[in-house]
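What follows is one structure encoded as structure tokens, with my remarks underneath.
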Amino acid sequence: MSTFHFKQFSVKQENCAMKIGTDGVLLGAWAKIPEETSTILDIGAGTGLIALMLAQRTADSKWIEAIDGVEINPEAHQQCVDNFENSPWNHLLFCYHASLKEFDAEFDETYDLIISNPPFYEEDEISAQKARATARSTQALSFIALIRSAEKLLSQNGTFQVIIPSKSYTKFTQICLDHNLFLERCTWVKGTATSPIKRCLLSFSKTPKQNIIENTLILEEKRHTYTKDYQDLIKDFYLKA
């Protein structure tokens, strides 16, 4: 499907190696957006899906000033720009064509919310398709590089929110801790009640929290029968939700 239609916007994806998937939708719907958030950055914007979801969610906010994306792949960047321009919130959305390293070096402002559905395949798991491999491989953007930039670009009271494989939880949270980013919220994601945990949604801040909010989200009761919790989470986006 080259164009994916949501309730309030559409996303073209034919020129992006990474197509729209559950991970991005989960993160865009799950992310907490504090009331006074004024600036948002989506690292590795791809199609622009997550930024568009956050634009929809903040459409009535009097605080929001800018929702930016940064995307290294030229084809994906152009696709993201087109999706932004064709959305109802094109006055808020902008995508930079740069690597995170380049963006980090040149950008002096900070963001109240930094969000990312980062690459997570290790070298031995890289797919044969080069563009898809670049989009998903830790060769393209390591956890350390992502977290280091998040620490620099995040405002003092801001949050850094991601979705990663559950097997990477310990490694990722430790790197964040090493960079003074403290876990404040964690949702474990399971396909069904009996299936293993595959993903975790994580939120970090620059202030240590005494109590971490932790829960589990189950997506399906059975094949193609979605749980109420999952439906409630994505109901504002999916046409059939």
Just want to confirm a number: the relative contact order over region 1-121, from Cα pairs under 8 angstrom separated by 6+ residues, in percent. 29
Would you mind listing how long region 43-93 runs along its three principal axes, going by Cα atoms, in whole Å with the largest first? 33, 20, 14
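I need the semi-axes of the equivalent ellipsoid of the chain: take the C-alpha gyration tensor, multiply each eigenvalue by 5, square-root it, list largest first in whole angstrom.
Numbers: eigenvalues 104, 99, 81 Å².
Each semi-axis is the square root of five times an eigenvalue, giving 23, 22, 20 Å.
Taking the highest mean first, how do the peptides 211-217, 198-204, 233-239, 147-153 order by number of other beta carbon atoms within 10 angstrom per residue?
Numbers: 211-217: 11.7, 198-204: 22.1, 233-239: 15.1, 147-153: 20.4.
Per-residue mean Cβ counts within 10 Å order the peptides as 198-204, 147-153, 233-239, 211-217.
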Of region 52-68, those with amide N under 17 Å from the point 7 Å along the Cα→Cβ vector of ASP236 are 52-67
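Determine, for each peptide in 186-197, 50-61, the mean count of other beta carbons within 10 angstrom over its residues, then list the peptides with the highest first. Provide the component values of the computation, followed by the final result.
Details: 186-197: 14.4, 50-61: 20.8.
Going from most to least packed, we get 50-61, 186-197.
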Point-to-point label distance, ASN211-GLN174, nm (Cα→Cβ direction, 7 Å offset): 2.9
Taking Cα pairs under 8 Å and at least six residues apart, what relative contact order does the chain come out at, in percent? 17
Farthest toward the dipole's positive end in the chain, which of LEU141, ILE67, CYS200, given Cβ charges of +1 (Lys, Arg) and -1 (Asp, Glu) about the Cα centre? CYS200
Is there a quick way to get the dipole size of the chain? I mean about its Cα centre, with the Cβ of Lys and Arg at +1 and of Asp and Glu at -1; what is the value in debye to the nearest 20? 960
Less than 22 Å apart at the alpha-carbon level, and either on another chain or at least 8 residues along: which lysines does that give for LYS206? LYS32, LYS101, LYS152, LYS171
I'd like to know which of LEU183, ASN211, HIS224 lies farthest towards the positive end of the charge dipole of region 183-241, counting +1 on Cβ of Lys and Arg and -1 on Cβ of Asp and Glu. HIS224
How many percent of the accessible area of the chain is carbon or sulfur, using a 1.4 Å probe? 48
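The values are calculated or read from the model by the stated rules, or taken from the named source; none is laboratory data. Everything quoted here is computed from the prediction, not taken from an experiment. Here the Cβ is made from the backbone with ideal geometry for all residues, glycine too, and neighbour counts use every protein chain on show. Just the protein is used for accessible areas: all its heavy atoms, side chains included, with ligands, DNA and RNA removed. Shrake-Rupley method; radii C 1.70, N 1.55, O 1.52, S 1.80 Å.
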